Amino acid sequence: MKSTGRALLNFSIKTDILNVYRFIDWILTLPKPLANEFWQELKTYEEDRKMPYITTGERIGYDRGKVEGKVEGKVEGKVEERQAIALNLLKQGISIDVIAQATGLSMLQLQQLQVESR
């Protein structure tokens, strides 16, 4: 009996939840009109709250993606800011060497910026 208990405990939470859901769904089969009404109400509920059901794995992935997006956005923002500063300095006639030292942009990047701004 102990090995059976251990085997049950080894199921993942997701599997357990899906099995319970399938069991309830099997036991409480709704007539077609009520099933359609239930799904429509569930859809409306999720839309009203802008919170569709997502699994823990999906939530973790969403949070990771959000963090990575913020980091990428900050990096891109800094690069764009350095390019804008470099472009202003180029327009003022400052030498490319000085701008490269001040902004950290490469000579090639500055030359490309110069060509694009014409």
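Observations on the model:
- Filter result for ILE54 (within 31 Å of the chain's Cα centre (by Cα), modelled with pLDDT under 80 and surrounded by fewer than 10 Cβ atoms within 10 Å (Cβ to Cβ)): no
- Test for LEU90: is it surrounded by 10 or more Cβ atoms within 10 Å (Cβ to Cβ) and over 32 Å from the mean Cα position of the chain (by Cα): yes
- Criterion: farther than 30 Å from ASP16 by Cβ and touching a helix residue (DSSP H, G or I) at 6+ places or on another chain (Cβ under 6 Å) - qualifying residue of LEU108, LEU90: LEU90
- Whenever a residue of the stretch 79-102 is within 16 Å of VAL115 (Cα to Cα), its partners that are charged (D, E, K, R) and part of a helix (DSSP H, G or I), lying with C-beta atoms within less than 9 angstrom and at least six residues away or across chains, give the pairs LEU87/GLU116.
The values are calculated or read from the model by the stated rules, or taken from the named source; none is laboratory data. Please read all numbers here as calculations on a predicted model, not as lab measurements. Neighbour counts are summed over all protein chains in view; Cβ atoms, including those assigned to glycine, are modelled from backbone coordinates with ideal geometry.
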